Amino acid sequence: MTPADADADADVAIAGARAGAEVVRSLYGRRLTRFDKGAGDFATAADVEAEQAILEVLRAARPGDAVLGEEGGQQGAGPAEAVRQWLVDPLCGTLNYAVGNLLVAVNVALRDGAAAVADPFGGEVYFTDGRTAHVRQDGAGDVLLTPTSATRLVDVNLDPPFPSAPGFRAVELLAHPGFAEHFRPRVVSTTLALAWVAAGKRAAYVTDGGDLSGSVHFAAGIALCRAAGCVVTGIDGAPVGDGAPVGDGAPVGEGGHGLVAAADEETHGLLMSMIRGG
């Protein structure tokens with residue numbers, strides 16, 4: 001792929017994320033229909049309509065590409081047949097959104113390529129062409145993402161499932177004596193926090209899970225962090241895999257499972273030491 005191709009894909013990812021974010025903003029505060037997914041999980045009409053808006057952008061710009069959507073599932077060729085596949089999470093933080101919390105994200109990622117994460121209420125779109133990562137603020141130019149651990153804030157995902165328990169429980173990381181010595185916890189319950197690691201607003205992000213590289217929830221954030229120069233591994237320290245899409249908590253493949261995305265090697269090392277019981 002040429003740099004021009006990567007730039008074009010980034011533009012598509014940005015346009016898709018912005019289209020989804022516009023729907024999320026427009027429906028905010030309304031009484032929305034909910035669709036039960038079981039185990040306490042649900043989608044709203046905003047999730048569904050935002051995904052449709054993103055799909056319209058992708059179909060117009062990349063009609064031959066496959067898409068895996070959080071709400072609509074697989075469309076087009078499956079991951080084994082498709083040369084290119086987009087991963088779409090139209091509203092990451094649905095429960096936040098449903099109760100009036102503005103901390104949500106719209107995630108659009110081309111597998112092993114460009115990606116964008118929109119903050120619908122912050123007016124920012126974080127994006128990568130697969131080589132570098134930037135943030136675009138409404139009415140302003142693009143700014144290179146520069147990770148830093150200066151904030152000492154670590155976002156920890158405490159939402160189930162917990163496939164690594166009892167060996168690893170994210171909540172127990174917060175009780176580690178060394179955690180309070182070096183960091184301060186945050187729980188925002190949206191993968192917008194991964195974009196914040198890439199941007200230097202968070203020192204790190206930690207979650208349990210299976211191979212998250214092909215997850216619609218995590219793919220865009222992982223791509224941003226990698227392009228920005230963050231240290232990204234599983235909670236076992238293994239590289240995050242690039243296998244076929246799997247659901248959260250699915251069996252672990254050859255790559256790492258769960259996720260530790262840190263601004264630098266020192267932060268990553270400290271967290272891994274705590275996770276391993278050091």
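The values are calculated or read from the model by the stated rules, or taken from the named source; none is laboratory data. Since the model is a prediction, treat every value here as computed from it, not as a measurement. Note that we place each Cβ from the backbone using ideal geometry, even for glycine, and neighbour counts take in every protein chain shown. When the accessible area is computed, the model is the full protein with side chains, heavy atoms only, and any ligands, DNA or RNA have been set aside. Shrake-Rupley method; radii C 1.70, N 1.55, O 1.52, S 1.80 Å.
Figures for the structure shown
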read-out: Residue in the range 74-94 that is hydrophobic (A, V, I, L, M, F, W, C), surrounded by fewer than 20 Cβ atoms within 10 Å (Cβ to Cβ) and touching a Phe, Trp or Tyr at 6+ places or on another chain (Cβ under 9 Å) present; value: no
read-out: Where Ala116 falls short, out of the listed (1) within 16 Å of Ala219 (Cβ to Cβ); (2) touching a Cys at 6+ places or on another chain (Cβ under 8 Å); (3) of a type outside the set (D, E, K, R); value: (2)
read-out: Single residue of the range 61-73 satisfying the filter (of a type in the set (Gly, Ala, Ser), open to solvent by 30 Å² or more (accessible area, probe 1.4 Å) and farther than 17 Å from Ala115 by Cα) that is modelled with the lowest pLDDT; value: Gly72
read-out: Leading residue by the ranking (surrounded by the most Cβ atoms within 10 Å (Cβ to Cβ)) among those in the range 208-230 that are within 10 Å of the chain's Cα centre (by Cα) and part of a loop (DSSP other than H, G, I, E, B); value: Phe218
read-out: Qualifying residue in the range 20-32 (condition: open to solvent by 30 Å² or more (accessible area, probe 1.4 Å), in a helix (DSSP H, G or I), under 19 Å from Val99 (Cβ atoms) and at pLDDT 95 or above); value: yes
read-out: When residues of the range 108-160 are limited to those that are polar (S, T, N, Q) and not in a loop (DSSP other than H, G, I, E, B), the one surrounded by the fewest Cβ atoms within 10 Å (Cβ to Cβ); value: Gln137
read-out: Long-range neighbours under 8 Å by Cβ, at least six apart or interchain, first residue within 15 Å of Val88 (Cβ to Cβ) within the range 216-233, second buried (at least 24 other Cβ atoms within 10 Å of the Cβ) and charged (D, E, K, R); value: Val216/Asp89; His217/Asp89; Ala220/Asp89
read-out: Number of positions in the range 33-60 that are among the hydrophobic types (A, V, I, L, M, F, W, C), open to solvent by 70 Å² or more (accessible area, probe 1.4 Å), within 29 Å of Ala227 (Cα to Cα) and in contact (Cβ under 8 Å) with a residue 12 or more places away in the chain; value: 0
